[in-house]
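The values are calculated or read from the model by the stated rules, or taken from the named source; none is laboratory data. Note that the structure is a prediction, hence the values are computed from the model and not measured. Cβ: placed from backbone, ideal geometry, glycine included. Neighbour counts: every protein chain shown. Heavy atoms of the whole protein, side chains included, go into the accessibility calculation; ligands, DNA and RNA do not. Shrake-Rupley method; radii C 1.70, N 1.55, O 1.52, S 1.80 Å.
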Amino acid sequence: MSAQQLEQAAQASKTAFVFPGQGSQKTGMLAELAEQFAGIRETFAEASEAVGFDLWQIAQSGEGLDQTEFTQPVLLTASVALWRVWLELGGVAPKYLAGHSLGEYSALVAAGALSLGDAVKLVNLRGKLMQTAVPQGVGAMAAILGLDDAKVIELCVQATEAGEGSVEAANYNAQGQVVVAGNKERVEAVMALAKENGGKAIALPVSVPSHCSLMKPAAEQFAQALEQSAIEMPRIPVLQNVGAQAATDVNALRQALTAQLYESVQWTKTLQFLQDEGIEYIVECGPGNVLANMAKRLPKIEKALPLDTQSRLEDALNTVLVAEGKIA
């Protein structure tokens with residue numbers, strides 16, 4: 001599909017694509033689909049050549065998959081491979097794209113704003129910088145459930161004032177679901193306060209406290225790499241994590257990608273924007289169905305569809321083609 005066709009196809013759509021972030025990876029991802037579609041292995045080979053190591057081997061063996069610098073390019077490549085299969089099969093180009101955290105880079109590749117080669121190199125560097133910004137064991141993240149956003153923010157302030165370090169709201173994922181990040185002791189303090197206030201708290205198995213001020217040193221270095229990367233305006237609007245809206249120019253796009261490292265992921269607002277724009281179908285383009293499950297809670301979303309197996313891909317393809325009036 002040419003750039004012009006992509007733009008034209010996207011204009012009349014009531015479908016949005018969302019791309020998952022770190023945490024959706026799993027050993028053996030896309031193995032089933034790779035047997036059916038040569039393009040998946042070809043996409044992994046293209047990305048592996050750009051980044052200098054075998055991404056498919058990591059994805060299938062799981063060796064190194066828990067290391068941020070490898071997780072990020074593997075997951076991005078998997079998402080882009082699925083996007084290419086979708087288009088190859090005649091899937092409808094969506095009206096909007098959005099990605100959760102790392103997934104924003106997958107969305108930008110799908111929109112033609114970044115090449116796959118440049119993107120995997122950027123996220124490999126992003127992972128390295130994030131890992132080195134905070135020593136192992138210093139930072140932490142936790143999901144706070146059952147409390148509203150304002151209450152979680154209040155508890156973060158309370159916990160930060162109670163000792164050294166800080167903790168902040170990192171991901172606004174859905175109503176009653178906020179992820180916090182920061183210094184380990186402060187995160188643990190918020191978890192205790194959340195339980196005292198009738199909420200639930202789940203420690204997340206991550207080595208890096210993403211989307212909080214501890215990532216500012218990483219962001220400063222990453223901004224230099226972004227400046228040197230060829231980035232164009234997306235051919236399909238990409239809703240960015242910072243601000244939950246599409247950038248108006250390339251400079252604004254770069255600034256939002258830099259700020260994304262230390263500012264909150266506004267996923268609740270992103271999904272609300274899609275609803276307000278008349279989106280009825282959300283397709284999750286990547287391993288797993290975490291984002292699809294979040295979207296299912298929204299009252300105006302008819303269906304939220306993952307793509308990562310043969311049956312899921314076929315179901316999503318047929319559902320969207322019928323919904324968009326491409327087939328009866």
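Values computed for the structure shown
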{"read-out": "Which of 52, 19, 274, positive extreme of dipole for the chain (C-beta unit charges)", "value": "274"}
{"read-out": "Beta bridge orientation in the chain: antiparallel %, DSSP, nearest 5", "value": "55 percent"}
{"read-out": "Cα convex hull of segment 260-327 - mean projected area over all directions, nm²", "value": "5.3 nm²"}
{"read-out": "The chain, helix-only ellipticity at 222 nm - DSSP H runs n ≥ 4, -39,500 (n - 2.57), divided by all residues, nearest 500", "value": "-15500 deg cm²/dmol"}
{"read-out": "Set 303/326; 26/184; 14/300 screened for pairs whose C-alpha atoms are more than 20 Å apart", "value": "26/184"}
{"read-out": "Packing-based ranking, highest mean first, of 89-100, 264-275 given that Cβ atoms within 10 Å are counted", "value": "89-100, 264-275"}
{"read-out": "Volume in Å³ per residue [convex hull over Cα atoms, computed for segment 73-224]", "value": "126 Å³"}
{"read-out": "Residue 265 long-range amide H proximity, modeled H, under 5 Å", "value": "171, 172"}
{"read-out": "Positive-end residue of 91, 28, 127, charge dipole of segment 1-131 with Cβ unit charges", "value": "91"}
{"read-out": "Å² per residue, accessible surface of the chain at 1.4 Å", "value": "41 Å²"}
{"read-out": "Dimensionless Rg over Rh [segment 201-280; C-alpha; Kirkwood]", "value": "1.02"}
{"read-out": "Accessible surface of the chain [probe 1.4 Å, protein heavy atoms]: carbon and sulfur percent", "value": "47 percent"}
{"read-out": "Gain on full stretching of the segment that runs from residue 67 to residue 157 - 0.36 nm per residue minus C-alpha separation", "value": "29.3 nm"}
{"read-out": "Cα-centred dipole magnitude for the chain, charges only on beta-carbon of K, R (+1) and D, E (-1), debye, nearest 20", "value": "400 debye"}
{"read-out": "Listed residues 150, 166, 248: farthest to the positive end of the dipole of segment 104-262 (Cβ charges)", "value": "248"}
{"read-out": "Alpha carbon centroid spacing (whole Å) that separates segment 221-247 from segment 110-141", "value": "14 Å"}
{"read-out": "Hull shadow area, averaged, segment 91-159 [alpha-carbon convex hull, nm²]", "value": "7.8 nm²"}
{"read-out": "297, 312, ranked by accessible area, largest first (probe 1.4 Å)", "value": "297, 312"}
